[in-house]
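Working notes, beginning with the structure itself.
Just so it is clear, none of the values below were taken in a lab; they were calculated from the coordinates. As the structure is a prediction and not an experimental result, all values here were calculated from the model. No Cβ is skipped: glycine too gets one built from the backbone with ideal geometry, and neighbour counts run over all protein chains shown.
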Amino acid sequence: MTLNRLLVSKPWLWSFAATIVVWVITVLFTGGASSFGLSQAALTFAAFSVVVGIGQMFVITLGPGNIDLSVPATMTLSGTLALKLMDVQDGMIAVGLLASIGIGLIIGIGNYALIKALRIPPIIATLSMSFIVQSVAIWSNRGLRIKPPETLANFATSGIFGIPNVALVALLLSIVAWVLLEKSIYGRWISAIGQSTFAARMAGIPVDGTRLVTYMLCAVLASVCGYLLASFSGGAALNMGSEYLLMSIAVVVIGGTAVAGGNSNIPGIWGASLFMFLVVSMLNTYGFGAGFRLILTGLIIIAVILLAGGRQSLR
């Protein structure tokens, strides 16, 4: 198989190739002194993008128009309420995690209830839900910064054999997601719905139930990410999830998942998450500001969509 055909058949390779290029450029600029630290930081911060990206990928796979804009607010509320519930007590760590999962389930049900009951586009429904969830987070936070339990904080900020624990958690969730997509009937259902909702209904697939579960899964992953991020950061802030709105969408698109739905790509999310972190690091190294980084992110997404169109035409 030629290199060109390999890149066409395995679109996630593009994100990893770009990641390697940016990593080499950044390391060369710093003289190679920060290669290990840069790699650790990339794995750590990319892990959070991977967790929310997997959830967003499931939703986007459902087909055109499906997207969850409540991800940042869900992360904020989950991190805030979990830390308050744990109250710096190691014995409450599992309870806090279960509470985060419960918050995600409730928000996911609320998202799809708005979509189904009011018959409004998912982008409007989830945006409306995000305002409600963020308001609850503001009310519950009230400017207080509660620390996570010491054991949980140590877990979130340490690693095994140089690999950050949060990256290992993200890897475990990625494996579970891959099994769901590739080995379960649920994965076949969401792919079929993404390709044609009408055909899926005619085939007897429970479309509404599958979409409900998918929005719940996305919200649960966002909640777990908020739980981990608050533990890693030493507390929950009201803007802790803001950067993950664009990021959760960007890593899905850049990672090779079809924007039109019906096709997902978990390895690509890892490549895209590492790539996005390294691009930001490189721009910071060269002294570029946040505005330029956002512009560049938008341009990258547009370029990837154009490349995706080219790949489809080649097929």
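Values computed for the structure shown
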{"quantity": "Principal axis box of the chain, alpha-carbon based, largest edge first, Å", "calculated": "57, 54, 36"}
{"quantity": "Distant-in-sequence amide H partners of Asn263 (H built 1.01 Å from N, under 5 Å)", "calculated": "Ala258"}
{"quantity": "For the stretch 208-223, 3J(HN,Hα) per residue [Karplus equation, 6.51 cos²θ - 1.76 cosθ + 1.60, θ = phi - 60°, Hz, x = Gly/Pro]", "calculated": "5, x, 5, 5, 4, 4, 5, 5, 5, 4, 4, 5, 5, 5, 5, 5"}
{"quantity": "Relative contact order %, the stretch 46-99, counting alpha carbon pairs below 8 Å whose residues are six or more apart", "calculated": "21 percent"}
{"quantity": "Gained length - Ile160 relative to Trp178, 0.36 nm times residue gap less alpha-carbon distance", "calculated": "4.1 nm"}
{"quantity": "Mean Cβ neighbour count within 10 Å, used as a protection proxy, ranking 51-58, 210-217 highest first", "calculated": "51-58, 210-217"}
{"quantity": "Test item: Cα-centred dipole of the chain, Lys/Arg +1 and Asp/Glu -1 on Cβ, debye", "calculated": "620 debye"}
{"quantity": "Most mobile of Leu97, Leu69, Leu172 in a GNM of the chain (Cα contacts under 10 Å)", "calculated": "Leu172"}
{"quantity": "Inter-site label distance for Val259 and Ile138 at 7 Å from Cα along Cβ, in nm", "calculated": "3.2 nm"}
